[in-house]
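A short worksheet on the structure shown next.
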Amino acid sequence: MLLKPRDNKLVQERLLEALASLYGNPDLSCVINQAEAKKVLIGLITMATGDAQEYLILSLIRLCTEGESVWEALGKREGIQILISCLGLSSEQHQEYAVAMLAILTEQVDDSKWAITAAGGIPPLVQLIEVGSQKASEDATYILWNLGCHSEEIRACVESSGAIPAFLWLLRNGGPKGQEAAAKALTKLIRTADSATINQLLALLFGDTPSSKAHVIKILGHVLSTASHSDLVHKGAFANAGLRSLVQVLNSSNEKTQEYAASVLADLFCNRQDICDSLATDEVINPCMKLLTSKTQGIVTQSARALGALSRPTKTKTTNKMPYIAEGGVQPLIKLAKTASIDSAETAMAALANLLSDPQVAAEALAEDVVSAIIKVLREGSLEGKKSASRALYQLLKHFPLSDVLTGSAQCRFAILAVVDSLNAMDMYSNDAADALEVVALLSRTKQGRHSNYPACSALSEVPSSLGPLVHCLCEGPPSVQDKVIEILSRLSKDQPVVLGDLLVSNSRSIGVLASRIMKSSSLEVRVGGTALLICAAKEHKLQSTDALEASGYMKPLTYTLVDMIKQDPTGSSLEIEIRTPRGYRDRSAFRNGDEFDVPDPATVLGGTVALWLLSIFSSFHPKNKITVMEAGGLEALYDKLARHTTNDRAEFEDTEEIWISTVLAAVLFQDANVVSSPMAMRFVNPLAVLLKSDEMIDRFFAAQAMASLVCHGNKGINLAIANSGAVAGIITLIGHLESDMPNLVALSEEFSLVRNPDEVVLENLFQIDDVREGSFARKTVPLLVDLLKPIPDRPGAPPVAIRLLTQIADGNDTNKLLMAEAGALDALTKYLSLSPQDLTEATISELLRILFSNPDLLRYEAAISCMNQLIAVLHLGSRSARLSAARALTELFDADNIRDSESSMQAIQPLADMLDATLECEQEAALSALVKLTSDSDSKVAMLAEVEGNPLHSLRKILSSAASLELKTDAAELCCALFGNPRVREMPIASKCIEPLILLMQSDKETAVESGVCAFERLLDDEQQVEIISDHDFVGMLVSLVSGSNHRLIEASISALIKLGKDRTPRKLDMVNAGIIDKCLELLPTAPNSVCALIAELFRILTNSSAISKSSSAAKIVEPLFMVLLKTDFGMWGQHSALQALVNILEKPQSLSTLKVTPSQVIEPLISFLESPSQAIQQLGTELLSHLLAQEHFKQDITTKSAVVPLVQLAGIGILNLQQTAIKALENISLSWPKAVSDAGGIFELSKVIIQDDPLPLRLCGNLLP
């Protein structure tokens, strides 16, 4: 605020003085923002007057209080105009302040540079250089340099304003700061090497002023660098004269001048390689060589730089260009390379790297221990230094063996790692990268041997990070570099396959590069090496590798190239590329441990082998590639290889791995149905069959893999061809080898998505064909498989496989079952079971025995009993699944009476009963089936079952009451039926609890379930207590409804149940009649077997015991059908008795007799046969029935009745009271009609005997009979 009043000039002056002191104080100004600009602005204010002063005061206020920049505070372009106007004032101090402010503005604000130019500020600034004070001159030079650096347009304005002569004047007459500023400005402004400028600079160089020639030399070097080639190399040209003048300065007595001149020449030669060939002469080189002996380090270093640039090879000339180096001439360079200063060492090394291309110079340098200098630069140097060191090492290795150059393993290891590391920053298209890769390639070819105790390539393997630069070169370099990298990396693929694969895949471009070089390179080593590297990438990164190849468009053409490599004659194509070959999988473990692989021994690889390997990897992962391989002729190539081998023409196979790798590829290709459908596929069968006879496990294994891939497609023609090829013996030799015995083969199978057990797959698929399972193949296979059931120490896994295959062969084929029995399968399986095999094996053996014994013919073999004993042992001690299979097998065995009745069979009861409580229905079902068969018709086994621990009836009741399937409940009911045949079981309380679930079962929709339920229910009714319990429920209607159809067992059980329910229970009988039981039974009688007819007769007997029923019309319908039943042959006595009793019950009622519609001939004749029955009860009933019939007059008169006289007379004299009574009663009815017949039959005699009996009843009857 104090600066604003205009009327107080004194205050303003004092305040400005105070501020000037403040901003000028070095201790205080450092903490003030823009202190220098404020100080200069105050100076301008004090020097200005009038409006200009007022304007500057306001600018200072804005700068100090409003936080604006000096550019904004001065008003931008308006402030520039004021400052430029100050340049023409007479006051030097005023000029200095104005120039200083412009310098500040051009340093801070780019817009100020354009503002100065536009305001015409350049000419006054140029003028100030010569007429201004020293400070103003220096600041003006600095401003002009700054302006020239901003843009080409401003630079041209500066140049056109005559600034160059002014700068040259300042260079000659100015102080150190002025000369430095002038040198900077001249370097920026001069773009062409014109003669005037060169002459002025030479005059300054050789004149008295300036005293220091450093800036002149620097500017001269800059000017010469802009000269044309011809001007620099042709004598007489101004530029050439200037260059030679610089060389002449090297002889100066002033060491600083010498150093500057050497430095400028070195820069010139480094930047202008085009002139080095022409200038590498004694006139130029000798002064440089002399300076190498200087005691000043800087001079020596710069001289070495110059020599290095002059001697560096170009694209047109790669040999040494300096044959005139005298002996001992390189010693100073070597000495310099060994100095403590790494910069100097690098400089010397750059020269040495070029000079060592000469054998004599290289020998001299090697003798002087140049290697230690090379190692030092490689260890400590910059990128450029390392490039030089790599080139120097390359030159030495070209002339001398590795052991002469790098004498120790440490040196060797360090050198190769350092060279590789230097590749990171190199231009891949430069000679430096090519030289470095040559060094690495030379080192990588060196193996451990007599002359080298350390394989240099091992260093790269031991330091995986060193592979990154090589992969970078592969991706970014030209084809020549790519080929060299492939050569190097392929030698590492055996030691670092995983690291290499990861690095290659991380840069997808590398995959395409490798594919491109494999396809385009004419070098077999590159093609094979590239293929080996792709194997590293694809092995662990199949998806990324195939995606990269697809994206690059190389997948298909690469496949064609690989197939062509397979087709090529491999003779003599052996390459010394130590890669991780497939042989490693065969010889040693292929399992990965973390990021490490167990590395096999180095192997010599054929191009065809790695091509097969890579095709196998790609085809296993990329389905389309299988078709591409086939289209490229891959099948034909594979067949030719296998066919040549199998015909014993092995001259072409230097690498025996080619055989099994070929079968690996075949196995992978045959996974595709389109490949298998090609005509070539069938031709593979015979060569593969021959390979299956090979002594080599790996050959047999992968031949089986190829066959497994073939058979899985279900091509009947191919599968039959395999079956008839004689391959079975070879396939069976593979069965049973544990995976732990051949982990490498299993690992390979998994890698290529092949099956783990090709032998089993082939046989299982073949046996799915009926023609194979029933033909000669099966007949040949069965004995071989049975032999595998015997313990084989080196093939412990064979028996389980053999059992599984035998099961497949036997299932559904009785002929094969007999073949197995004849081959000794029963004995072998029994012995194997006795060895307590694994649980799963026990189960499969038991299942096989079940299938075998489903053929009844096998039940007659003596071994069947032994099988049963072992199966029972499995029931006791086996696993859950084994017990299940054993129970099923025993079910088949128990079909044979001799086995079921054997004493040892009882040992099965307890474990089978225990299985009833199992949680799985299949186990319960197996146990029930076996127990039902075992206990059938055997009261002793039923009794034993009833006594077992746990009471099986509880288990059966749980099953019947559960939500189990009807099939299981049916079996449970069957076993209940057997158990209920035992009185003790029927008396158990649990038996009553079975009634309800049995009734529910009887109500089901499945007839077998109903049948079993009714049968068990009927057996339970043998216990009167159970009948009483059941009588409280109405089951009659349900049972009556079951008396129909053709299921005689169900009918019999239903009728039997009705009989037991109806005994002495008239209401139940009436319920039965009302439910229609009589009609249902009458429908069955004409066609029913005798057993059913007998039960029906018994039911009728029970029913007609009721007077109410016997008098009913329903009973009348029974009479005639019963007489028809009595006419049946082989009708048992029980049935006869029941039928006769039922007829008696009905016909003893007069009303029933009066309605009888049968003729005498229909009934008399059958009744006469019963009078002669050996059963007195039947005789009694027959006689009684006859007596009832003869009460009818038409029966008495019928001639048929006469034939009954004789048997009646005989019965009258039999001496059995009841029978006599009935017979005499019948004779009484017949005697009136046929008296003579009675007399002729001896009736009087027999009746006389009866008269003298003590019993009065027959006597009374006889009295009625005799006249």
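The values are calculated or read from the model by the stated rules, or taken from the named source; none is laboratory data. Every value quoted in this text rests on a predicted model; they were computed, and no experiment measured them. Glycine gets a Cβ as well: all are built from the backbone with ideal geometry, and neighbour counts include every protein chain shown. Quick note on the areas: whole protein, heavy atoms, side chains included, nothing else; ligands and nucleic acids left out. Shrake-Rupley method; radii C 1.70, N 1.55, O 1.52, S 1.80 Å.
At a glance:
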item: Cubic angstrom per residue, convex hull over Cα atoms of the stretch 780-875; result: 83 Å³
item: Normalised contact order of the stretch 328-448, rounded percent, pairs of Cα under 8 Å and 6 or more residues apart; result: 24 percent
item: Distance from the stretch 484-520 to the stretch 359-390 (C-alpha centre basis), Å; result: 30 Å
item: The stretch 261-276-the stretch 780-809 distance, computed between alpha-carbon centres (Å); result: 87 Å
item: Karplus-derived 3J(HN,Hα), 6.51/-1.76/1.60, for each residue of the stretch 127-144, Hz, glycine and proline x; result: 5, 4, 4, 9, 10, x, 5, 4, 5, 4, 5, 5, 5, 5, 4, 5, 5, 5
item: Packing-based ranking, highest mean first, of 109-117, 710-718 given that Cβ atoms within 10 Å are counted; result: 109-117, 710-718
item: Calculated P(r) tail over 19 Å for the stretch 917-1006, as whole % of Cα pairs; result: 33 percent
item: Anchor Lys76: lysines whose Cα lies under 22 Å away (excluding residues fewer than 8 positions away in-chain); result: Lys4, Lys38, Lys39, Lys113
item: Largest to smallest principal axis extent of the C-alpha atoms in the stretch 940-1088, angstrom; result: 47, 31, 28
item: For Val948, distant residues with modelled amide H under 5 Å away; result: none
item: Phi to ³J(HN,Hα) by Karplus 6.51 cos²θ - 1.76 cosθ + 1.60 over the stretch 677-688, Hz, x for Gly, Pro; result: 6, 6, x, 5, 4, 4, 5, 6, 4, 5, x, 5
item: Accessible surface of Arg62 - all protein chains present, 1.4 Å probe, nearest 10 Å²; result: 60 Å²
item: Additional length obtainable on full extension of the chain from Ser225 to Glu696, 0.36 nm per residue less Cα span; result: 162.1 nm
item: Ranked packing of 722-733, 362-373, most packed first, by mean Cβ within 10 Å; result: 722-733, 362-373
item: Sorted peptide list for 629-640, 541-552, 132-143, criterion being average Cβ within 10 angstrom, highest first; result: 132-143, 629-640, 541-552
item: Rounded to the nearest 10 Å², the accessible area of Asp770 at probe 1.4 Å; result: 80 Å²
item: Per-selection metrics, the stretch 683-815 (Cα): Rg and Dmax in Å; result: 13.9, 41
item: Table column - 3J(HN,Hα) (Hz), the stretch 628-644, Karplus curve with 6.51, -1.76, 1.60, x for Gly and Pro; result: 4, 4, 5, 5, 7, x, x, 5, 4, 5, 5, 4, 4, 5, 5, 5, 4
